[in-house]
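Okay, so here's the structure we're looking at.
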Amino acid sequence: MKDEINKLKKEKNAVILAHYYTRNEVQEVADYIGDSYYLSEKAQELKEDIIIMCGVYFMGESVKLLNPNKKILIPDMNSDCPMAHMVTLKQIDEMRKKYDDLAVVCYVNSTAEIKSKSDICVTSANAVKIVEKLENRNVFFIPDKHLGSYVATKVKDKNIILNDGYCPIHHTLLKEDVELLKERYPQAKVLIHPECRDEVVQLGDFVGSTSGIINYVNKSENSEFIICTELGILYELESGNPDKKFYYPEPKMECLDMKKITLDNIYKTLSEEDNEIIIESNIQVEAIKPLKKMLQLGR
Ligand code: 13P
Ligand code: SF4
């Protein structure tokens, strides 16, 4: 199947992007693998006519926003991030009425429609850096309350208003689950994604995006790590660091939406060129602005 996909990719001048949370075999056929920030940056540079985005729907939308004239396909249209739907346009409107100088800061894990009404996007890799640079004092951080509250601990001079959204996968990890591993492996460094609960994030020796965690491990002289993010990251960590040890909390955090992408549906999508991401033109025009702003400010 991998050979067939690679053959088809060449024939059709297509390229495959994949998030670190996708299945191992999907990462193996990808041309570029990364976190949300890397993938949106990379999407701008690609020369191929067709881009297959192996990830959840909002990731395909981001690639389409940045490449409106290309064909963007997603192997499973139902691969969706529940957090992307945890804020509404009405909430944004109401908050704008309350504060004159409001900046609506939108985590990329959101729909294109929500982005179209936001001022700037962020990912977990650049949220602190970007919010620090904003001139506005009042910030409505959507949709993730955990990433928002992590940013609030780092940026003290702003009024950061949180929204009640969260990642149902990272949210399941409890403080006790991490403490148990810390007791068992006291020498291990604890690496945590900021989509986790606040009390979990506080236990981290390092808090960062998927790529941030991978870079930390690659550079670290430590040899043991407790990994607090989605399971898929282990593939890159273990293959790049065969001499290091990784401990993973129970119950395992597995994003079933990311796992909907398989070699079979990549092959089918590539051969039939179906599952194309289409964005309404008025949303396209507005939603690209906060994404571009992020790419400028986040650099
Ligand atoms: P990053 O890719 O920014 O680490 O975010 C994780 C995530 O949940 C993607 O949906
Ligand atoms: Fe969404 Fe969480 Fe899955 Fe990321 S891990 S895509 S935030 S549900």
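General remarks:
- Taking every lysine pair in the stretch 168-299 that is 8 or more places apart or spans two chains, those with Cα atoms closer than 19 Å amount to 14.
- Here Lys90 is the anchor, and the lysines within straight C-alpha reach of less than 16 Å, apart from those fewer than 8 places off in the same chain, are Lys98, Lys115, Lys117.
- Per residue value of the accessible surface for the chain (all protein chains in place, 1.4 Å probe), Å²: 44
- Rolling a 1.4 Å probe across all protein chains gives Lys133 an accessible area of roughly 100 Å².
- Cα principal axis extents for the stretch 1-46, largest first, Å: 29, 24, 7
- Counting only DSSP beta bridges whose two residues both lie in the chain, roughly 5 percent are antiparallel.
- Other residues within the sphere of radius under 11 Å centred on the Cβ of Lys244, judged by their own Cβ, net out at -2 (K and R +1, D and E -1).
- Extension gain for the segment Met77 to Phe246, taken as residue separation times 0.36 nm less the Cα-Cα distance, is 57.6 nm to one decimal.
- Local net charge near Lys145, Cβ-Cβ under 14 Å (Lys/Arg +1, Asp/Glu -1): -4
- Cα gyration tensor shape for the stretch 242-291, rounded if a/c is under 1.5, else prolate or oblate: oblate
- When only the Cβ of Lys, Arg, Asp and Glu is charged (+1, +1, -1, -1), the dipole of the stretch 171-299 relative to its Cα centre reaches about 500 debye.
- Percent of alpha-carbon pairs separated by more than 27 Å within the stretch 178-299: 40
- Cα gyration tensor, the chain - rounded (a/c under 1.5), prolate or oblate: oblate
- One chain, two ends: Lys293 and Asn67. Fully extended at 0.36 nm per residue, the span grows by 79.8 nm beyond their Cα-Cα distance.
The values are calculated or read from the model by the stated rules, or taken from the named source; none is laboratory data. Values in this document were obtained by computation on a predicted structure and should not be read as measured data. Note that each Cβ is placed from the backbone with ideal geometry, even for glycine, and that neighbours are counted across all protein chains shown. Remember, those area values only see protein heavy atoms, side chains included, never the ligands or the DNA or RNA. Shrake-Rupley method; radii C 1.70, N 1.55, O 1.52, S 1.80 Å.
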